[in-house]
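So the structure is just underneath, and the comments pick up after that.
The values are calculated or read from the model by the stated rules, or taken from the named source; none is laboratory data. From a predicted model like this one, the values you see are computed outputs, not experimental measurements. Glycine also receives a Cβ, built like all others from the backbone with ideal geometry; neighbour counts cover every protein chain displayed.
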Amino acid sequence: MRKMPAKTTPKPQKRPAPPPLKLLLGQRSWSLGSSTVHASVTRTGGHLAPVIFDRRGKKISPYSIAPWATERLPKNTLPLIAALRGDFFCLPFGGNTNSWHGEKHPVHGQTANANWKFRSLQSQSGRHTLHLSLQTTVRQGAVDKFITLIDGHNAVYCRHVISGMTGPMPLGHHAMLKFPSASGGGVISTSRFIFGQVYPGQFEDPACGGYSSLRPGVEFDSLESVLTQSGSPADLSRYPARAGFEDLAMLIADPALPFAWTAATLAAEGYVWFALKDAKILTSTVLWFSNGGRHYAPWNGRHRGVLGLEEITGHFHEGLAQSAEPNPLSDRGFVTAHQLSPGLPLTVNYIMADPQNF
């Protein structure tokens, strides 16, 4: 009788070692690339930048990186501010000045401030995906971040999956673009919106060294004519503009659209940047015009020509308490928070791309 070979227990497969964290513009970051895009994501806050799009050999890097990125900042500086760059996911979105039912979140939530954990970096059939995760503690739950690049696509595909949480939650993406210094050199356009309003409160306080130019609370149906505090109209579709001021306005997308979009055309730079979203998940677009209006540290008047095109669901930039409770927008039937359920994960998809060169 032939002797049967002894049974062997298969060895467990080792998880691939994570790619090295590299110090990039002041932040430890992971990187991934495709044939057309190279992207980096910070460990702290999961901020996506730099991102370099390659269109027929021309390198395009549209995202803003804070001018203090490599400076030594005070130890009490919020991680979000120290890392500030590109795009990051906010949960809850906003300042979160007030606590809500015992929850006191940092500005734009732990997702924009805490250290993310590496899960995997997979490349298969021309598709490259970085998977990070974060266990949240202010509100118990988990967030999984997937950043995908595809060979031949000049796009970044973002997906965040929120699980294990209960209750109302504002959320959103916080993309920031850097514009050339020439006044009005960029053109801003969006899909159809059903309501537009300048932030109705005091966005900046002159007593603290912050200045705004738009008239608080004014409503509008076109970006091309929005009243300023002096009574003259401003064209929000052209940027840079209103040097020396910080302003914030919000557009609510038509929920009947199959998808909504926001775009910035920079003709002199030779590209268009655009973002796509599901308007039922990210109901609004916050426009943050940051053009040197903050003179307190670390801004010191030097954060200029930056435009936030922030796709959110929330009550402006105020945070959880104001978005979860009845507010002027929810009173008008607009959604300002999602109701999360631990048994039903919420997936937030978002695409940012450079479609063409001129």
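Numerical summary
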read-out: Every residue from region 214-242 that is assigned to a loop (DSSP other than H, G, I, E, B) and touching a residue at least 60 places away in the same chain (Cβ under 8 Å); value: Pro240
read-out: Identity of the residue in region 312-344, in a loop (DSSP other than H, G, I, E, B) and surrounded by fewer than 17 Cβ atoms within 10 Å (Cβ to Cβ), that ends up modelled with the lowest pLDDT; value: Gly343
read-out: Single residue of region 149-168 satisfying the filter (of a type in the set (Val, Ile, Thr) and surrounded by fewer than 16 Cβ atoms within 10 Å (Cβ to Cβ)) that is farthest from Glu325 (Cα to Cα); value: Val161
read-out: Residue identified as surrounded by fewer than 18 Cβ atoms within 10 Å (Cβ to Cβ) and of a type in the set (A, V, I, L, M) among Ala114, Ala142; value: Ala142
read-out: Extreme residue, nearest to Leu236 (Cα to Cα), among residues of region 302-348 that are among the hydroxyl-bearing types (Ser, Thr, Tyr) and touching a residue at least 24 places away in the same chain (Cβ under 8 Å); value: Thr313
read-out: Selection within region 168-184 - more than 17 Å from Arg139 (Cα to Cα) and within 13 Å of the chain's Cα centre (by Cα); value: His173, His174, Ala175, Met176, Leu177
read-out: Number of the exception - Ala268 against (1) part of a loop (DSSP other than H, G, I, E, B); (2) surrounded by fewer than 18 Cβ atoms within 10 Å (Cβ to Cβ); (3) at pLDDT 95 or above; value: (3)
read-out: Matching entry among Ser120, Ser183 (being in a loop (DSSP other than H, G, I, E, B) and surrounded by fewer than 21 Cβ atoms within 10 Å (Cβ to Cβ)); value: Ser183
